[in-house]
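Engineer: Please find one structure pasted underneath; my questions will follow.
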Amino acid sequence: MHPPALATELISCESHQPLGQIYLATPPQPGHWFEFEGTVYIVLERRHRYQLRANRYQLHKITLILKPAPRLDEVSQVGHRTVIGNASCRYNAQSQLVRCAVNPLGPCQGCQHFQPR
């Protein structure tokens, strides 16, 4: 038996504006990539909202805070993981959420701080 689909509100982390609302049986966890209306996003945060019904709190709604995913030419493969930026750089965070400590907004190409790992 499948869990019931929950209302899932999508919010942009950059503009703090709602992107829309959809119904998902299993909303993605933070760090996963998510496609909505032709745009790929990274889930940064997942918030649960509960309602008191019949003297019990029940999960009512989920909010996903999303950030637009980087272009495919801005990601690298490290083992079985996809990381943002040039994974061969010493300062790369090896993360799906953060590019690096020195230049977090990128781009990696032409970065003056590049040092091979």
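The values are calculated or read from the model by the stated rules, or taken from the named source; none is laboratory data. None of the values given here were measured: they were computed from a predicted structure. Quick reminder, even Gly has a Cβ in these numbers, built from the backbone with ideal geometry, and neighbours come from all protein chains shown.
Engineer: Pairs please, first residue from segment 48-67 and surrounded by 14 or more Cβ atoms within 10 Å (Cβ to Cβ), second anywhere and outside any strand (DSSP E or B), Cβ atoms under 6 Å, 6+ apart in sequence or on different chains.
Structural biologist: Partner pairs satisfying both residue conditions: Ile62/Pro27; Ile65/Cys13; Lys67/Cys13.
Matching residues to (1) within 17 Å of Arg117 (Cα to Cα); (2) modelled with pLDDT of 85 or more; (3) out of contact with any helix residue (DSSP H, G or I) (no Cβ under 9 Å at 6 or more places or on another chain); (4) among the hydrophobic types (A, V, I, L, M, F, W, C):
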| site | (1), (2), (3), (4) |
| --- | --- |
| Tyr23 | no, yes, yes, no |
| Gln29 | no, yes, yes, no |
| Leu44 | no, yes, yes, yes |
| Ile65 | no, yes, yes, yes |
| Val75 | yes, no, yes, yes |
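Engineer: Do we find a residue being over 18 Å from the mean Cα position of the chain (by Cα) and surrounded by 14 or more Cβ atoms within 10 Å (Cβ to Cβ) anywhere in segment 71-88?
Structural biologist: Yes - at least one qualifying residue is present in segment 71-88.
Engineer: Which numbered condition trips up Leu59, out of (1) at pLDDT 90 or above; (2) farther than 18 Å from Gln96 by Cα?
Structural biologist: (1)
Engineer: For segment 47-56, what are the residues that are among the charged types (D, E, K, R) and either more than 15 Å from the chain's Cα centre (by Cα) or assigned by TED's automatic domain parsing to the domain that holds Ser95 (or both)?
Structural biologist: Result: Arg49, Arg53, Arg56.
Engineer: Scanning for something surrounded by 12 or more Cβ atoms within 10 Å (Cβ to Cβ), β-branched (Val, Ile, Thr), within 20 Å of the chain's Cα centre (by Cα) and not assigned by TED's automatic domain parsing to the domain that holds Ser12, does segment 24-46 turn up at least one residue?
Structural biologist: No.
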